[in-house]
Every structure is written in C-alpha cells, then in structure tokens.
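What follows is calculated from the coordinates using simple rules that are stated; it is not laboratory data. Because the structure is predicted, anything quoted here is derived from the model rather than measured. Neighbour counts are summed over all protein chains in view; Cβ atoms, including those assigned to glycine, are modelled from backbone coordinates with ideal geometry.
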C-alpha cells in the first residue's frame, strides 16, 4: 500500500493538497487532504482553474486552530526580530 505524501513539503503545521484543474470535486479533495494529513497538521486544499486566482479551502472547524498556529509562528518571528535589533 502506498503511503500518503504531501503535494507540498513544508515546516508549516498544514497538509497541502494541491489541485490544478478546471473542475474540482471539493469534498473528495478535502477527504483526501484529511486522510493524508495525519495528526498535528491542518488539511488545506489549494485549487486553481486556468486564468483564475489560487484558492485555499479549509474546513470551518479547523480555522481557529489554523489561526492560532499561524499567530504563534508570527509571534515567534516577531520576537526573534526584536531580539536581533536589540529592542
């Protein structure tokens, strides 16, 4: 059996499922993202049609956790920036 692998490898706390197609079966794509994400990763489907903008699709129940995680990352980056310039 094949092991799930992410479409994008990142240190961010997400699992990215990337779909570049004209027609997307949204719930099927999200099921794949959820199944592949495992514990500790928020599943996100990134989708784009030709000549359109990229969209990021996240389950509503996962949104608060995603915001918290990115806020924590941002706080860490801001703290290190403050430390580097001595303020």
- Query: Of all DSSP beta bridges in region 14-84, what percent run antiparallel (nearest 5)?
  - Reply: 35 percent
- Note on the structure: Quick numbers on region 14-84, Rg and Dmax over C-alpha atoms in Å, give 14.9, 48
- Message: Suppose each label sits 7 Å from its Cα in the direction of the beta carbon; what would the residue 48-residue 20 distance come out to in nanometres?
- Response: 0.7 nm
- Note on the structure: Per the rule of 0.36 nm per residue minus the C-alpha distance, extending residue 65 to residue 7 adds in nm 18.7 nm
- In nm, to one decimal, how far is the modelled label at residue 57 from the one at residue 28, with both set 7 Å along Cα→Cβ? 1.1 nm
